[in-house]
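Remarks on the structure that follows.
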Amino acid sequence: MKKTYDLKIMDREVLSQEVFKILLEKPADMPEIIPGQFFGLKADDNGYPLLRRPISVSRVDANSFELTIKLVGQGTELIYNKKIGETINVLGPVGNGFYLEEAKKNSIIVGGGIGISPVKELARVLKNKFNDDFPVLLGFRDEPFDLEDFSLYSSKIEIATESGITGTKGYVTTLLEEHLKENEIDTVYVCGPHVMLKAVKLLCDRYNVTTQLLMEERMACGIGACLVCTCAIKEGTEIKNKRVCKDGPVFYGSEVVFDV
Amino acid sequence: MSNPIMKVDLNGLVLHNPITVASGTFGFGREYAEYVDLNDIGGIMVKGLTLKPRAGNPSPRVAETPMGMLNSVGLQNPGIEYFIEHEIPYLRQFNTAIIANINGTNIEEYCEIAEITSKADVDSLELNISCPNVKAGGLAFGTDPNMVYKVTKAVREASGNKHLIVKLSPNVKDIKEIALAAEEAGADCLSMINTLTGMVIDINSRTPILARGIGGMSGPAVKPVAVRMVYETAGVVKIPIIGMGGISNYKDVVEFMLAGAGAISIGTANFVDPRVTKRVLNDLTSYLKSNNIDNINDIVGKVIR
Ligand SMILES: Cc1cc2nc3c(=O)[nH]c(=O)nc-3n(C[C@H](O)[C@H](O)[C@H](O)COP(=O)(O)OP(=O)(O)OC[C@H]3O[C@@H](n4cnc5c(N)ncnc54)[C@H](O)[C@@H]3O)c2cc1C
Ligand SMILES: Cc1cc2nc3c(=O)[nH]c(=O)nc-3n(C[C@H](O)[C@H](O)[C@H](O)COP(=O)(O)O)c2cc1C
Ligand code: FES
């Protein structure tokens with residue numbers, strides 16, 4: 001039977017003013033963690049705040065796994081304040097990760113903002129699987145973070161920043177379009193803010209390229225029972241409200257209805 | 001001391017223990033069955049059902065509040081036929097009561113779904129006249145004693161002699177007159193409380209967090225309101241009450257039962273701890289043992305008034 005785990009925080013690293021990483025011990029009886037899957041973190045043991053915070057896995061090692069977290073409000077702040085050696089209660093891994101059974105070599109990984117963290121684990125897994133580096137296109141508002149880690153999993157990293165501080169000034173979609181124009185691309189895997197997911201999907205539609213989007217929605221149970229986390233998904237001619245936590249969080253761009 | 005008696009009889013609905021799970025928080029049991037043995041749960045109040053499938057409201061459907069949450073799911077469900085065909089056979093594998101939460105937008109619809117569901121293999125009907133998240137029906141039926149009487153009476157007649165629970169809304173002036181109206185109209189049992197209406201506004205975007213603006217509040221923050229309503233109601237009705245609203249540990253259960261609940265239901269707390277039901281059952285059993293109480297029914301309504 002599945003359970004929640006109290007996991008020891010083995011390490012913490014601060015990446016920027018608002019982004020940090022924690023390394024958690026991985027218990028032997030935890031199921032395999034797939035890129036794109038996430039955990040429900042209890043921010044504090046005393047019961048407040050009430051609901052779990054959904055956080056994606058950003059790297060998996062033999063005996064540990066890493067989460068990359070942006071400071072947003074009270075929950076993420078409490079997680080940040082936990083000390084190394086303390087434990088944190090987690091539910092998971094939950095959700096479907098990226099669909100990789102039919103992954104092809106000529107694919108591209110795209111991440112934006114804190115959304116770069118789940119695609120880092122994807123880059124690692126794809127590199128292992130194909131013994132080759134995939135193009136990784138990363139978009140930031142300003143100063144990039146975690147590039148050192150990314151360079152372990154791909155030598156083909158391209159950066160776009162809105163501020164122009166480094167890389168191409170503008171959005172990842174500009175970088176992506178160059179690839180789509182020049183090469184035959186099978187799939188684009190994406191995680192990032194809602195507007196970016198939509199822009200990438202619309203762009204790839206024009207080139208007839210498949211997209212897999214990691215969607216975000218506010219959650220409560222995290223396992224598919226309460227129906228608070230739905231997004232509109234096309235199924236044949238019908239539009240259905242599907243659960244991001246259980247039916248997703250990864251959906252094919254062709255199914256997602258952005259303007260409901 | 002041997003194990004205390006946990007069986008409760010709610011005016012014809014017998015549960016092997018008094019811990020049930022609240023409608024809309026536990027789906028049809030499938031997801032939580034991976035985390036808890038459903039045989040350990042006294043009864044499952046399934047997701048609110050309607051005659052036809054319903055897509056529910058747009059997202060966001062949840063907003064967290066201090067020790068609580070708002071939801072505006074809007075009764076998303078696969079419809080009564082799907083439930084009967086696919087979910088009842090699944091739930092019947094377990095030793096737990098199946099309680100069907102039924103909804104309608106007018107009296108005819110309530111009666112139609114009640115008639116269909118009462119002929120199905122369920123142990124009880126829970127008539128939901130208190131959903132705040134739908135435009136028509138729902139809460140409108142639950143806030144006026146005359147309407148409560150009318151809809152309960154009609155559903156009572158439409159559902160043969162199936163056990164009938166009426167689920168009450170806390171968004172009312174006087175819970176006692178609502179409860180009495182349901183009792184008089186033939187309810188076998190009451191469940192309470194449904195969610196309290198509430199709102200959260202994002203001060204940066206100046207928009208409500210919920211797509212629909214207003215939602216239903218649940219979780220520990222509503223518990224004192226719920227305990228008070230169970231207490232007031234237990235003082236005037238003769239039928240049993242299933243108490244709920246913010247229960248997350250055995251102490252909460254004891255509190256509700258002392259106030260007059262013959263059984264209880266756990267909702268939001270499942271989201272925090274998917275195994276909360278089992279934990280509460282174990283702790284409750286230990287509590288009874290260490291207080292030399294050999295029958296759970298002995299504490300019902302035993303608050304000193
Ligand atoms: C599938 C999924 C994966 C995610 N992965 C990551 C990740 O790897 N790293 C990361 O930094 N963040 C991630 N997020 C976003 C993260 O869950 C929120 O930033 C976090 O819950 C904010 O909590 P808070 O208490 O600090 O903020 P507050 O704004 O105080 O939170 C208030 C409530 O709103 C919810 N909430 C606020 N923002 C979001 C949001 N963007 N998505 C969902 N719920 C939200 C909170 O859970 C909480 O219930 C992910 C979200 C989802 C749905
Ligand atoms: C996400 C969610 C969905 C709900 N859906 C229903 C429903 O379909 N029918 C119903 O009668 N009550 C519904 N409720 C109300 C609960 O059954 C319960 O009355 C309420 O949440 C109070 O209990 P709690 O504080 O333990 O959650 C829902 C509550 C939540 C949180
Ligand atoms: S969060 Fe409960 S169904 Fe997704």
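Computing FRET efficiency as 1/(1 + (r/R0)^6) for B:Val236 and A:Asp132, where r is the C-beta to C-beta distance and R0 is 51 Å, gives about 0.10. Taking the alpha carbon gyration tensor of the protein assembly as shown, multiplying each eigenvalue by 5 and rooting it gives semi-axes of 46, 26, 20 Å, largest first. Accessible-area rank, largest first, for A:Val257, B:Val280: A:Val257, B:Val280, with all protein chains present and a 1.4 angstrom probe.
In chain A, the longest principal axis of the Cα atoms and the axis of helix A:172-182 are about 40 degrees apart.
The GNM of chain B, with springs linking C-alpha atoms under 10 angstrom apart, assigns the highest mean-square fluctuation among B:Gly42, B:Gly267, B:Gly68 to B:Gly68. Backbone phi angles across the stretch A:194-206, fed through the Karplus curve with coefficients 6.51, -1.76 and 1.60 (θ = phi - 60°), yield HN-Hα couplings of 3, 4, 5, 4, 5, 4, 5, 4, 5, 5, 5, 4, 5 Hz in residue order; Gly and Pro are listed as x. Between B:Asp9 and A:Gln74, the modelled label-to-label distance comes to 4.6 nm, taking each label 7 Å out from Cα in the direction of the beta carbon. Only protein heavy atoms count here; on that basis, with a 1.4 Å probe, A:Met215 has an accessible area of about 10 Å². So if R0 is 30 Å, what FRET efficiency would A:Glu86 and B:Ile203 give, r being the distance between their Cβ atoms, rounded to the nearest 0.05? Efficiency at R0 = 30 Å is approximately 0.40. Rolling a 1.4 Å probe over the heavy atoms of the protein chains gives chain A an accessible area of 45 Å² per residue.
Pairing chains A and B buries close to 2700 square angstrom of accessible surface in total, based on protein heavy atoms and a 1.4 angstrom probe. Reducing the stretch A:181-238 and the stretch B:229-269 to their Cα centroids gives an inter-centroid distance of 43 Å.
Once the chain from A:Asp45 to A:His194 is taken as fully extended at 0.36 nm per residue, the excess over their C-alpha distance is 50.5 nm. Shape verdict for the stretch A:118-260, please, from the Cα gyration tensor: rounded (a/c under 1.5), prolate (a/b greater than b/c) or oblate. It is prolate, given that a/c is not under 1.5 and a/b is the larger ratio. Distant-in-sequence amide contacts of A:Gln212, defined by a placed amide H-H separation under 5 Å and a gap of 5 or more residues or a different chain, comprise A:Val188, A:Tyr189, A:Val190, A:Gly253.
Between B:Ala33, B:Ala261, B:Ala140, the residue with the greatest mean-square fluctuation in the GNM of chain B (Cα pairs under 10 Å linked by springs) is B:Ala33. Put A:Tyr153, A:Tyr189, B:Tyr287 in order of accessible area, highest first, and with a 1.4 Å probe you get B:Tyr287, A:Tyr153, A:Tyr189.
For the stretch B:174-190, the residues whose backbone nitrogen is under 16 Å from a point 7 Å from the Cα of B:Glu157, taken along Cα to Cβ, are B:184-187. Placing a label point 7 Å from the Cα of A:Lys3 along the Cα-to-Cβ direction, the residues of the stretch B:248-289 with a backbone N closer than 12 Å are B:275.
When the Gaussian network model of chain A links Cα atoms closer than 10 Å, the mean-square fluctuations of A:Leu197, A:Leu51, A:Leu91 top out at A:Leu51. For the stretch A:4-94, the Kirkwood hydrodynamic radius comes to 13.0 Å, computed from all pairs of different C-alpha atoms.
What's the longest uninterrupted piece of chain A once you rule out the GluC sites (Glu not before Pro) that are loop residues per DSSP with at most 15 other Cβ within 10 Å? By the stated rule (loop sites, at most 15 other Cβ atoms within 10 Å), A:185-260. Computed FRET efficiency, Cβ-Cβ of A:Asn63 and A:Ser151, R0 30 Å: what is it to the nearest 0.05? It comes out at approximately 0.80. For the protein assembly as shown, A:Cys191, A:Cys204, A:Cys229, A:Cys231, A:Cys245, B:Cys111, B:Cys131, B:Cys189 stand unpaired, since no other cysteine beta carbon lies under 4.7 Å from theirs.
Between B:Ala55 and A:Glu182, the simple spin-label model (points 7 angstrom out along Cα→Cβ) gives 4.2 nm. For A:Ala220, the residues 5 or more places off, or on other chains, whose built amide H falls under 5 Å of its own are A:Val228. Ligands, DNA and RNA excluded, the heavy atoms of A:Tyr80 present near 70 Å² of accessible surface to a 1.4 Å solvent probe.
A simple count of charges around A:Gly248, restricted to other residues whose Cβ falls under 9 Å of its Cβ and scoring Lys, Arg +1 and Asp, Glu -1, yields +1. Summing Lys and Arg as +1 and Asp and Glu as -1 over all other residues whose Cβ lies under 10 Å from the Cβ of A:Asn96 gives a net charge of 0. From its DSSP helices (H runs of at least four residues, each -39,500 (n - 2.57)), chain A gives a residue-normalised ellipticity at 222 nm of -6500 deg cm²/dmol.
The values are calculated or read from the model by the stated rules, or taken from the named source; none is laboratory data. Keep in mind that what you see is a predicted model, and the values were worked out from it rather than measured. A quick note on method: Cβ atoms are made from the backbone with ideal geometry, for glycine too, and the neighbour counts reach across all protein chains shown. Protein only, heavy atoms only, side chains kept; ligands, DNA and RNA dropped before computing areas. Shrake-Rupley method; radii C 1.70, N 1.55, O 1.52, S 1.80 Å.
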